[in-house]
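Report on the following structure.
Since every read-out is calculated from the coordinates, none of them should be taken as a lab result. Every value quoted in this text rests on a predicted model; they were computed, and no experiment measured them. Cβ placement follows ideal geometry from the backbone for every residue including glycine, while neighbour counts extend to all protein chains displayed.
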Amino acid sequence: MSATLLKTIVLLSISNLFMLFAWYGHLKNLNSKPWIIAALISWGIALIEYLFQVPANRIGFTQFNLAQLKILQEVITLAVFVPFAIYYMQQPIKLDFLWAALCLMGAVYFIFRN
């Protein structure tokens, strides 16, 4: 694995963790607060997300094209989302997670093949 790919994956993984809390964490933690409070807190979390996402994409774009970066992002999103949904948000494990992962594996194959 190249250093560029590793840096991109690590930064995008951290970015995705913050993104999930910005997008969905308020559903658990701020459900009783007015939506504007949830939005402002989410924006603050999203700022942190962008501090990882922007360098990740800039680093990744030195080796990968835009479509490859997007598919890589989607794979990481699912890999981070499933544990977040199950452990943090207490959602049931679903077979649909497996089917989505298989679809993404196909996307990875087609977008990274020569």
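Things worth noting here:
- Placing a label point 7 Å from the Cα of Leu30 along the Cα-to-Cβ direction, the residues of segment 54-98 whose backbone N falls under 18 Å from that point are 89.
- For a paramagnetic label modelled on Ala100 (point 7 Å from Cα along Cα→Cβ), amide N atoms under 18 Å away belong, within segment 16-60, to 16-28.
- Kirkwood hydrodynamic radius of the chain, from the reciprocal of the average inverse Cα-Cα distance over all distinct pairs: 15.3 Å.
- Separation of the Ile86 and Gln68 label points, Cα + 7 Å toward Cβ, nm: 3.0 nm
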